[in-house]
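The values are calculated or read from the model by the stated rules, or taken from the named source; none is laboratory data. Given the structure is predicted, the values throughout are model-derived calculations rather than measurements. Don't worry about glycine lacking a Cβ; one is built from the backbone with ideal geometry, like all the others, and counts go over all protein chains shown.
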Amino acid sequence: MLDIIKVLISGFGENLRIFVLTLAMAIPLGLVITFGSMTKFRPIRWITRVFVWVIRGTPLMLQLFVVLYAPGLLFGIPMRNRMMATLVAFVINYAAYFSEIYRGGIESIPTGQYEAGAVLGMTRAQIFFKVVLLQVVKRITPSMGNEVITLVKDTALSRVIGVAEIIMVAERYTKQGLIGPLFSTGLYFLLFNGLLTLALGWIERRMDYFRA
Amino acid sequence: MAILEVNNLGKSFGATEVLKDISFSLEKGESLAIIGSSGSGKTTLLRCLNYLETPDRGSIRVNGEVIFDAANAGRMSVADLRRNRLHFGLVFQSFNLFPQYTAFQNVVLAGELLAREQPDYKANKKRILDGIHENGRKLLASVGLSAKADNYPHQLSGGQQQRVAIARALALNPDILCFDEPTSALDPELTGEVLNVIRALAARSTTMIIVTHEMQFARQVADNVLFMDKGVIVEYGKPEDVIDNPKQERTRRFLENYTNG
Ligand SMILES: Nc1ncnc2c1ncn2[C@@H]1O[C@H](COP(=O)(O)OP(=O)(O)O)[C@@H](O)[C@H]1O
Ligand SMILES: [Mg+2]
């Protein structure tokens, strides 16, 4: 019993690894994609928006397979590291989703905020980072929270390319006639998402001091 | 010499000509009221002065220096644009305070950011920032809001927000302060406090351009009044002439709406 729990915990460690690393990379990459999708330079804007459309319009499960097999098939450099392939697919996928949330948030800020900064002699970068950004963060925190919780559950998809995440390791016990471990994996997700919900609530309360 | 000279300014949005050959000048210490019905181009004119719109024709001089000329508008560098627009301040109809900053922070933010560009900023950082903060406190006091310095915009009434916005615009010490209907977004009982602040500025000979529908106020405060209609200046002169004895039929018709109502 204790052994089973140890195995499950180490499996969930893989889920958490995917979760943390994906967030750490997709949050900034998403902002880069947002700037691409909002630039005045049309070719870049067009390419970025098509890219986002493709990533959001196809299953993450399929993207995992593509990242795992495409380098080998196209360039003769097989992707051996399954965790690496998982992270590449997850980061790209989530950065695309985040970028659309960021864009919605940025576009929802009234132009008066930009103009007020501009007439006070601020540079475009100052207006973005000192005036607009925190207002955007406040506005998008609820939608980002939803995405983050979805990400926790999506990490289980990595099993399709052979990452030994929690559901994959738990399923092995069913072959020994044990169904309990598989069902119990839900508790790990529930518990972690409960903690995340608390953390997200805390972040939202931290920005309660102003209205935007 | 006039502090501001606007020459033959023109601006179109697509096929609509919003400003047609606007020329006027302003002396240092003068307050100019701009009146006119909605859609006559008043806001667009102020936005052109503040580089929020680029005029298609004409030029703008401040203290004799050409700071805008439509003939070579595309060639102005970003740095020049930022420096030139600091000749002007703008108080918006809708305040546009920064919601995540307190009243005090709203007033000092731009000054703090600009100070970083001073060559001696690193060496004298504390003294420079102290000076900016001292000035910010004085400005909040001058608009009667010392007690609200640490309040966020959503904790202030519309009239208080607009007074903070005025202090914020004054903080960079512009040569010419522009107001775009500063009381139009306010409940009637809150307009007085804002108008009083502007009156006090006029009494201290602040150079101002005030777009307003408050005729009584314009008559008291303005040195000159400019009536605009459909993108042209119809009448210009002393308030007692333009408001009390308009020569033009269009001015008379416009003013009737105020005296009757
Ligand atoms: N960005 C814009 N694009 C198109 N038309 C505009 C724009 N800004 C103003 N206008 C038009 O220009 C005219 C003058 O507007 P405005 O300067 O706001 O007048 P006022 O401030 O006197 O009411 C109006 O007809 C308005 O619809
Ligand atoms: Mg207007």
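Structure notes:
- Residue ID - nearest to ligand 1 (Cβ to nearest atom), chosen from residues in the stretch B:9-38 that are small (G, A, S) and without any contact (Cβ under 8 Å) to a residue 40 or more places away in the chain: B:S38
- Scanning the stretch B:117-143 for residues being within 14 Å of chain A (Cβ to nearest Cβ) and at pLDDT below 95 gives a total of 2.
- As a summary of the residue check, B:A167 satisfies the conditions (1) more than 19 Å from B:G111 (Cβ to Cβ); (2) crowded, with 21+ Cβ neighbours inside 10 Å except for the one numbered (1).
So that you can scan it fast, the table gives a plain yes or no per residue for (1) in a helix (DSSP H, G or I); (2) more than 20 Å from the chain's Cα centre (by Cα):
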| site | (1), (2) |
| --- | --- |
| B:S59 | no, no |
| B:V66 | no, no |
| B:R82 | yes, no |
| B:L90 | no, no |
| B:V108 | yes, no |
| B:L113 | yes, yes |
| B:Y121 | no, yes |
| B:R127 | yes, yes |
| B:H133 | yes, yes |
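- Residue that is nearest to A:F210 (Cα to Cα), among those in the stretch B:88-105 that are of a type outside the set (A, V, I, L, M, F, W, C) and touching a strand residue (DSSP E or B) at 6+ places or on another chain (Cβ under 6 Å): B:Q93
- Enumeration of residues in the stretch B:38-87 that are of a type outside the set (K, R), in contact with a strand residue (DSSP E or B) (Cβ under 7 Å, 6 or more places away or on another chain) and within 16 Å of ligand 2 (Cβ to nearest atom): B:S40, B:G41, B:T43, B:T44, B:L45, B:L46, B:C48, B:L49, B:N50, B:E53
- Filter result for A:F65 (out of contact with any Leu (no Cβ under 8 Å at 6 or more places or on another chain) and either of a type outside the set (V, I, T) or surrounded by 15 or more Cβ atoms within 10 Å (Cβ to Cβ) (or both)): yes
- Residue tally, condition of a type in the set (K, R) and closer than 11 Å to B:I209 by Cα, over the stretch B:1-50: 1
- Looking across the stretch B:92-106, just one residue is under 19 Å from the mean Cα position of the chain (by Cα) and either aliphatic (A, V, I, L, M) or in a strand (DSSP E or B) (or both), and that is B:L97.
For (1) within 16 Å of ligand 2 (Cβ to nearest atom); (2) surrounded by 14 or more Cβ atoms within 10 Å (Cβ to Cβ), each residue gets a yes or a no:
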position: B:E117; (1), (2): no, no
position: B:N135; (1), (2): no, yes
position: B:D150; (1), (2): no, no
position: B:Q162; (1), (2): yes, yes
position: B:I176; (1), (2): no, yes
position: B:P182; (1), (2): yes, yes
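- Residues of the stretch A:130-155 satisfying the condition of being more than 17 Å from A:F210 (Cα to Cα) and of a type outside the set (G, A, S): A:M144, A:N146, A:E147, A:V148, A:I149, A:T150, A:L151, A:V152, A:K153, A:D154, A:T155
- When the stretch B:48-64 is limited to residues that are surrounded by fewer than 23 Cβ atoms within 10 Å (Cβ to Cβ), on the phi < 0 side of the Ramachandran plot and free of Cβ contacts under 8 Å to residues at least 60 places away in the same chain, the one that is nearest to the other protein chains (Cβ to nearest Cβ) turns out to be B:L52.
- For the stretch B:103-115, the condition of being at pLDDT 95 or above, surrounded by fewer than 21 Cβ atoms within 10 Å (Cβ to Cβ) and aromatic (F, W, Y) holds for none of the residues.
- Selection of the stretch B:73-91 for residues being in contact (Cβ under 8 Å) with a residue 40 or more places away in the chain and within 9 Å of another protein chain (Cβ to nearest Cβ) yields B:L86, B:F88, B:G89, B:L90.
- Long-range neighbours under 6 Å by Cβ, at least six apart or interchain, first residue facing chain A (nearest Cβ under 8 Å) within the stretch B:92-110, second of a type in the set (F, W, Y) and surrounded by fewer than 22 Cβ atoms within 10 Å (Cβ to Cβ): B:P99/A:F210; B:Q100/A:F210
- When restricted to residues that are closer than 16 Å to B:F179 by Cα, of a type in the set (A, V, I, L, M) and not in a loop (DSSP other than H, G, I, E, B), the stretch B:1-57 contains 9.
- Under the condition of being of a type in the set (A, V, I, L, M), within 14 Å of another protein chain (Cβ to nearest Cβ) and in a loop (DSSP other than H, G, I, E, B), the residues counted in the stretch B:144-188 number 3.
Okay, residues lined up against (1) closer than 25 Å to A:K138 by Cβ; (2) within 16 Å of ligand 1 (Cβ to nearest atom); (3) of a type in the set (F, W, Y):
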residue: B:Q100; (1), (2), (3): yes, no, no
residue: B:K138; (1), (2), (3): no, no, no
residue: B:Q155; (1), (2), (3): yes, no, no
residue: B:Q161; (1), (2), (3): yes, no, no
residue: B:A169; (1), (2), (3): no, no, no
residue: B:S184; (1), (2), (3): no, yes, no
residue: B:T191; (1), (2), (3): no, no, no
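- Residue list for the stretch A:93-133, filter: at the interface with chain B (Cβ under 8 Å from one of its Cβ atoms) and either in a helix (DSSP H, G or I) or among the polar types (S, T, N, Q) (or both): A:G112, A:Q113, A:E115, A:A116, A:G117, A:A118, A:V119, A:T123, A:Q126, A:K130, A:V131
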